[in-house]
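Working notes, structure below.
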Amino acid sequence: MSVIVKLLSKFDDSGIKKAKGSFGGLKKTIGAIGIGIGISQITDLLMESAKAASADKKSTELLNTQLVRNANATKTQIKQSDNFIEKLSLQTGVMDDDLRPSMGKLVRVTKDVDKAQELLALSLDASATTGKPLEKVSTAISAAFAGNKTQLVKLFPVLKDSKDLFGDLEKIVGGAAIQQADPFSKFNNSMDILKEKLGAAILPLIEDFVAEITKPGGLIEQVGKFLEDLSNPKSEAGKVFTDIKNAVKDAFGYVKDFFAFFGNGDAVEGFKNIATALIQALPALLALKGIMMLASAGKSIANLAKAIALMTGANAVGDGTIVGGGKGKTGKAPFMSKLIGLPVIGTVAMVLTTSGDTKQMTPEEAARAAIIRKGINPDTGLPYKGAFGAGIFASGKGFQANTNNNITINVQSADPKAVVDAVSKYAKNNGGLPPIFFGKKN
Amino acid sequence: MADDIVYNAKEIVKALSEIEPGLKRALVKDSRDAAEEAISAIKSAIPKVNPFESKVRPVTNTRGRLGWGVGKKPDEVKFSFTTKGSRRSAVTALASLKVNSPATVLADTAGKGSGTPRRSVTNSYTWKGQTRTHRVTTQGKSMIRHLRSNRTNNFVYPGVEKSLPRVQAEIKLILEKYAAKVNRKLN
């Protein structure tokens with residue numbers, strides 16, 4: 001725990017992106033294994049699995065060819081190699097699609113399946129230790145096996161004078177890949193392998209299906225004929241297509257009528273009116289954003305509710321002055337009660353003074369506000385309990401603190417950010433907000 | 001009160017190290033020198049004597065982590081310059097001052113909260129093969145009262161506030177100076 005005074009801040013969202021990436025990956029994986037998903041997602045999953053299985057099959061066949069050509073591998077050895085790659089992928093979290101090319105590279109040099117597997121495991125450890133890509137490390141190791149140790153020594157200078165290159169490397173990096181395996185990658189890999197297995201099961205069915213639809217008179221031909229019919233308005237399909245076109249035209253008409261309703265029959269005018277109304281509501285939305293920023297400054301949701309209650313219970317006073325607070329006639333703030341299910345405790349006063357034309361008041365409202373400013377409840381004629389006294393007044397640069405109840409903030413044009421800054425400055429200066437903000441009586 | 005935000009600090013600092021070894025160190029040193037005024041202000045604002053001691057409680061904590069001057073000097077203020085990002089927030093401190101003494105921090109932050117404990121029992125933890133929790137007591141209230149009456153709480157920020165704008169501007173200028181160096185070298 002320490003007290004930190006920020007002097008200069010920086011913006012760097014790479015960490016957040018990384019964190020989001022991890023969760024995104026998890027979400028994708030959970031989605032892929034079908035937790036809480038519908039039929040369409042399951043269909044997607046099957047197609048995706050089939051695709052993955054197809055890619056995996058291609059990559060496996062490529063490696064197996066390498067094994068047979070370079071190391072005269074038997075069927076048993078090929079099967080064992082597949083299992084080895086799968087197991088390694090699960091243990092280290094490295095994708096099997098990355099492992100196979102490296103394995104192929106090593107088997108071409110070593111001409112021996114067992115030796116290639118041994119060096120692949122070593123490459124993974126070295127890759128985990130140095131942080132270099134597996135492809136680069138396996139190239140260095142295969143070159144070293146062939147007698148050129150320059151690249152490997154660049155990665156591990158300590159091996160420069162080594163007599164037992166791979167033995168010494170094993171001593172340095174042995175077991176690092178499994179130790180440093182990222183749990184997310186391992187999980188994702190497991191799911192990928194599951195998907196590939198699922199895909200492998202349905203791949204023959206898909207192959208049959210493709211053969212069926214592409215045969216003469218099959219689905220592809222039938223769809224082609226349908227599309228031809230569609231472009232002909234005299235055919236049945238063409239008639240349906242024309243109906244759809246008309247339906248879209250009608251729908252557009254309804255939208256036009258909707259806007260015309262707000263513009264005395266003129267759709268463009270109606271759209272303009274709606275847009276203007278939205279723009280006028282913008283300051284209120286910005287003020288709400290300000291409240292959200294206040295709440296996010298480490299305060300609880302209850303405090304957010306209180307802040308909103310302050311604004312919603314507001315009575316406008318004078319020229320551009322807003323006074324918020326008070327229990328209301330019922331002694332409770334209905335909005336806040338609705339929000340957090342609790343009554344507002346005590347009376348809270350917060351004075352926001354703006355220099356712009358915030359709200360025009362009727363003479364009655366102004367008179368009522370003047371009474372409120374004197375600290376008297378206009379409904380009961382009694383003074384507010386512990387609420388309005390000599391306040392804390394801030395005028396842009398500083399505060400003068402007299403009591404702990406009121407905060408008066410002068411900000412130009414009610415800029416929410418300026419309000420938030422002023423309140424946070426007040427909190428830092430005074431060691432927090434007045435207790436009334438936490439729902440406490442003084 | 002809004003802090004200035006630098007958008008490419010990490011890239012600038014990285015480029016500095018690549019352009020000439022030692023430039024990054026010089027940037028940090030210059031920034032620290034600029035922050036000296038704020039450091040002195042905080043140091044002078046920290047109480048010179050143990051603020052927790054009172055006539056009612058004259059016993060001094062001389063061994064515990066929260067003892068005044070135990071482990072760390074009470075008026076130690078460290079300058080930190082870090083370009084590391086965070087997984088929680090996109091805007092983080094590039095240059096900051098840290099007061100690390102637990103006792104000083106305790107005194108400074110005392111009374112800044114709502115005064116209402118969030119929970120009545122602490123989190124459980126294992127201790128000698130058992131699980132322990134603690135009841136949250138109200139004994140801190142008298143400590144806060146004592147610190148408030150002696151005006152020995154909430155001193156760090158009010159102490160440094162005056163010098164902050166000047167120091168912030170200076171550090172920003174220093175960073176801009178080094179950024180200009182990077183730009184000159186790259187272009």
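The table that follows gives values for the structure above.
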quantity	calculated
Where residue B:32 falls short, out of the listed (1) within 11 Å of another protein chain (Cβ to nearest Cβ); (2) in a loop (DSSP other than H, G, I, E, B)	(2)
Unmet requirement for residue B:99, which otherwise passes all of (1) within 20 Å of residue B:148 (Cβ to Cβ); (2) more than 10 Å from chain A (Cβ to nearest Cβ); (3) touching a strand residue (DSSP E or B) at 6+ places or on another chain (Cβ under 9 Å)	(2)
Index of the failed condition, residue B:91 passing every other in (1) under 13 Å from the mean Cα position of the chain (by Cα); (2) facing chain A (nearest Cβ under 7 Å)	(1)
Positions within the stretch B:76-94 being under 15 Å from residue A:1 (Cα atoms) and part of a loop (DSSP other than H, G, I, E, B), in sequence order	B:76
In the stretch B:140-163, the residues that are outside any helix (DSSP H, G or I) and touching a residue at least 40 places away in the same chain (Cβ under 8 Å)	B:150, B:152, B:153, B:154, B:155, B:162, B:163
Answer from B:167, B:160 - the residue that is among the hydrophobic types (A, V, I, L, M, F, W, C), within 10 Å of chain A (Cβ to nearest Cβ) and either more than 30 Å from residue B:19 (Cβ to Cβ) or surrounded by fewer than 20 Cβ atoms within 10 Å (Cβ to Cβ) (or both)	B:160
Inter-residue pairs, beta-carbon under 7 Å, first under 19 Å from residue A:138 (Cβ atoms) and surrounded by 10 or more Cβ atoms within 10 Å (Cβ to Cβ) and in the stretch A:161-172, second basic (Lys, Arg) and at pLDDT 80 or above, 6+ apart	A:165/A:149
Answer from B:55, B:73, B:48 - the residue that is among the charged types (D, E, K, R) and more than 22 Å from residue B:145 (Cα to Cα)	B:73
Residue satisfying condition, being within 25 Å of residue B:172 (Cβ to Cβ) and at pLDDT below 90, within set B:20, B:36	B:20
Test: residue in the stretch B:21-32 that is buried (at least 20 other Cβ atoms within 10 Å of the Cβ), within 18 Å of the chain's Cα centre (by Cα) and under 26 Å from residue B:167 (Cα atoms)	yes
Any pair with Cβ under 8 angstrom, 6 or more apart, that starts in the stretch A:417-434 at a residue that is under 15 Å from residue B:161 (Cα atoms) and ends at one that is at pLDDT 75 or above and among the small types (Gly, Ala, Ser)	A:431/B:111
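The values are calculated or read from the model by the stated rules, or taken from the named source; none is laboratory data. None of these values were measured; they are calculated from a predicted model. Cβ coordinates were reconstructed from backbone atoms using ideal geometry, including for glycine residues, and neighbour counts include every protein chain displayed.
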